[in-house]
Every structure is written in C-alpha cells, then in structure tokens.
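Q: I have a structure here, written as structure tokens, and I will follow up with some questions on it.
The values are calculated or read from the model by the stated rules, or taken from the named source; none is laboratory data. Because the structure is a prediction, the values reported are computed rather than measured. Please note: Cβ atoms are built from the backbone with ideal geometry, for glycine as well, and neighbour counts cover all protein chains shown.
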Amino acid sequence: MRSMRFARGSVLEPLANGDFVRLWLANGLWWQAMWMEMLALGWLALELTNSPWWVQVIGFYRAIPLLIMGLFGSVITDRFKRRYIVWTLQLVNVLGTGLLALLLFWGRLELWHLSVVSLVLGASWALDWPTRRSMVPDLVGKSRTVDAMVLENVIQGFTRIAGPLAAGYVTAAYGSLGALLVLVGLGALALVLLSGLKTDSRAPSAGTWAAGWAGRQGWASMRASAPIFGVFLITIFMNVWAFPYMNLLPVFARDVFGRGPEAMGWLGAASGGGAIVGLAAVQLSRSKLSNEWLFVAGSLLACTGIIAFAFSGTFGIALLMLFCSGLGQAGFSIMQSSIILVESSDEMRSRAMSTLVVAIGVGPFGRLQSGAMAEAWGVQGAAGVMALLAGIGTVGTAVLMRGFLGKK
C-alpha cells in the first residue's frame, strides 16, 4: 500500500503511514463486526430465551474476560510483536462466529454454545483492543496520537451507524444465520489487511508474570497520574452504569416500541450518527479545552442522552435522544485512549492500557445489574436510573480529584 502525503499538522497526517492505514481499515472492519455482533447475538439470545435477563447475561459473558485479562494481559502481549498478536486474535474471532453459524445451520445451537463463544470472543477482545491502540504511537508518533485517535473514531463512528443497521436489516431479511455469516466475512477481510502489516512494534521490554498479574507496574503508573486515574474511574462508571443500555436495545425495539430487528438497528445507529457529528465538535474544541475537560463533558452529555432516551415516549424521540448521547460518546471515546497514550511513558504504555481494560472489564457487572433491574422495573427504569448514577460518578470524579481538570 503506497503511502500518501498530507500537509504537516493536518489531522490527516497519520494516513501518510502505510501501516497505520492498514491497521485503520482493519479496525474499521473490526468495529463493524463488533457493533453487528452485539445486537445480532442479543437478538439471538432474546429469541432463544425471551428474557431481558439472559440477553444481559450473554453480554456479561462477552465482557467479563476484560476484567480477568486486564490483570495480566500485558504479560502475554508484551512478549510478541503486536502485528502477530492482532492477526491471531482476529482469526479467533472468525473461528468463533463461524462455529456459531455452523451450529445454527445444523439446528443445534443452544444457549450454552452462545455463552462459551461469547466468553472466547470477549477474551480475544480484551487482548486485541489494547494491543491495537498501543501500536498507534509507534506508527504515527506521540505528537500525532490524538489525530490518529480522531481518525480511528471517524471510522468507528461510521461503523456505529452501519453495524447496527446491518445487524437489524440482515437479521430481518436472512435471520440470525445471515448475520453470523456476514460477521465471518468481515473478519476474513480484516485478516487480509492485517497480513500486510510490516511494523515491528512491540513493548520495549517484556513484563514479568509477577508484575503483570498483580498489575503493580501499570497500577503504579496510573495512580501517579491524575489524568490517567481520572479516566480509569470515569471509565468504570460509564461502563458499569451508562453503556449497558446498548445490550438492551433488542428489548427496547421489540417490547417497548413493538417493532422488529430493523428498529433495533436504527436504535443502535442513532448514537453512531451523533458520534460522527461529535467528532467535528471535539476537533473544533481541542484548541480551547484540555483533553480532560472534553472527556468529562462528553461523558456527561452521553449520560444525559441515555436518561432522556430511556424515558422517551415515542420511537422518534428515542432516536433523537440517542443521537444526542452519541455526541457525548465521541468525546468520551476519543479522549479515553488519547489521555492514557499521551500521559504514559513508552515503557508503561501497554500496562497503562491494560489497566483501562480492567476498568472496562468491570462493566459486565453493570449488565447483570441492569438485567435484574429490567426484570423487576422494566428496561426503561433500569437504563435511566443507571445512566443517572454514571453521571453522578463522573461529576464526583471531576470535582473531587485534585489535578484532573487542572489544565484549561
């Protein structure tokens, strides 16, 4: 792939690196598959069980490996070249969804199959995501890392629209089997792109099992930096209390609004549309606000939108509120990784990202909580109350943590 030239200082400058372009495009397919998978497997679980609780249990299985892998994942990933790791883990994704497709085709798919494959896919994601992110500064340099994250979030934002819509319309037209086959195809295309990576990016030194398992090096690096620790705490609040609503979108579509898989797709795509617009707002605000201020503002806007969505009375208003939530999620998503990648040293980058995986990995307990609340109170009350708690936690961190919002 021939490198392109862009004006120095342009947000597009990272695209001059051929390996970054390959990774960027492969990540686009990866994100497309992830957004499709979340809704497609949720709809499949709803069809198998007819229960919001079990929909969230599948989401729990998909996400709980993040907590476990985050404790010692860098010990594994720091020992190998990062391009080998992401290719291997991409292959795991293809094989996992392919197995589900075969079982469904044979008419033998059961809930426990869905649970086991969700665990495997979650473990793969827990190692894959921080490795892909840790590779970026080595490809474009630390000075262009935020620009690279903006580009990453552009393609992620488009997939947040295309992924849910594809899940909804493919499921409506060809059933869950069709959705699974599309996931296999996306993963195979990503494998081809990743095969072209030439970078020798890897951690400066391999971690030890003792340090990695206990997380001592990564945790010490995180606690020494107010921006990184603040991101860690707010990430916990958002993943435990705000984002579990996403797994409940099949239930909102079918049971609240009385619609089919297509409506599920539009609900998932609405926040993606907001995220695309939010990218421009973040880019324009970077000269006026620090990364930390943008991160907090985005988190609060995301929570507010989710609360309004949960208690909206009509499908149209629900779409609008999710769009507004997506505006905030753009700031949260871009600055979450950017702050850690910029603030951490090269030596600690992978381990600092692993602590972030732990923060994301606490989220599955929120899925169980929202599933139980949805059974007791309904999905609207569950999603709204939990997003309110996330907003309170975000405000508390921003106000009480000394040095987190120190830069203006």
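Q: Return yes when L29 is over 17 Å from P261 (Cα atoms) and either part of a helix (DSSP H, G or I) or touching a strand residue (DSSP E or B) at 6+ places or on another chain (Cβ under 6 Å) (or both) and no when it is not.
A: Numbers: over 17 Å from P261 (Cα atoms): yes; either part of a helix (DSSP H, G or I) or touching a strand residue (DSSP E or B) at 6+ places or on another chain (Cβ under 6 Å) (or both): yes.
The answer is yes for L29.
Q: Here is a follow-up. Within segment 144-184, which residues are closer than 13 Å to G265 by Cβ and aromatic (F, W, Y)?
A: Matches in segment 144-184: Y169 only.
Q: Related question: For segment 104-150, enumerate the residues that are within 16 Å of the chain's Cα centre (by Cα) and either free of Cβ contacts under 8 Å to residues at least 12 places away in the same chain or not in a helix (DSSP H, G or I) (or both).
A: Correct list: empty.
Q: Determine, yes or no, whether S285 is touching a residue at least 60 places away in the same chain (Cβ under 8 Å) and among the hydroxyl-bearing types (S, T, Y). Step through it out loud before you land on a result.
A: Values: touching a residue at least 60 places away in the same chain (Cβ under 8 Å): no; among the hydroxyl-bearing types (S, T, Y): yes.
Here the answer is no, as S285 does not meet what is asked.
Q: Shifting gears a bit: Can you list the helices (runs of 4 or more DSSP H) found entirely within segment 321-402 that contain at least 2 residues being crowded, with 24+ Cβ neighbours inside 10 Å and touching a Gly at 6+ places or on another chain (Cβ under 6 Å)?
A: Where helices (runs of 4 or more DSSP H) fall fully within segment 321-402 and carry at least 2 residues being crowded, with 24+ Cβ neighbours inside 10 Å and touching a Gly at 6+ places or on another chain (Cβ under 6 Å), they are 349-361.
Q: Oh, and also: Do the conditions hold for A101, that is, is it touching a residue at least 24 places away in the same chain (Cβ under 8 Å), surrounded by fewer than 22 Cβ atoms within 10 Å (Cβ to Cβ), within 28 Å of P14 (Cα to Cα) and more than 17 Å from the chain's Cα centre (by Cα)? It would help to see each step written out before you state the result.
A: Numbers: touching a residue at least 24 places away in the same chain (Cβ under 8 Å): yes; surrounded by fewer than 22 Cβ atoms within 10 Å (Cβ to Cβ): yes; within 28 Å of P14 (Cα to Cα): no; more than 17 Å from the chain's Cα centre (by Cα): yes.
Criteria not met by A101.
Q: Contact list please: Cβ distance under 7 Å, first residue in segment 238-263 and within 18 Å of A390 (Cβ to Cβ), second residue hydroxyl-bearing (S, T, Y), pairs at least six apart or on different chains.
A: Listed by first residue and then by second, the contacts come to M238/S299; P244/S370; L248/S370.
Q: Part of a helix (DSSP H, G or I) and within 25 Å of F232 (Cβ to Cβ): is that true of W53 in this structure? Walk me through how you get there before you give the answer.
A: Numbers: part of a helix (DSSP H, G or I): yes; within 25 Å of F232 (Cβ to Cβ): no.
So W53 does not fit the description; no.
Q: Sticking with this structure for a sec: Please work out if W125 is surrounded by fewer than 24 Cβ atoms within 10 Å (Cβ to Cβ), within 19 Å of L356 (Cα to Cα) and either in contact with a Pro (Cβ under 7 Å, 6 or more places away or on another chain) or of a type in the set (A, V, I, L, M, F, W, C) (or both).
A: The answer is yes for W125.
Q: If a residue must be part of a helix (DSSP H, G or I), at pLDDT below 90 and not basic (K, R), how many such residues does segment 56-91 contain?
A: Summing the residues that are part of a helix (DSSP H, G or I), at pLDDT below 90 and not basic (K, R) in segment 56-91 gives 14.
Q: Considering only residues that are farther than 20 Å from T394 by Cα and crowded, with 17+ Cβ neighbours inside 10 Å, which ones fall in segment 287-314?
A: Initial filter on segment 287-314 (farther than 20 Å from T394 by Cα): 287-288, 311-314.
Across segment 287-314, the qualifying residue is only S312.
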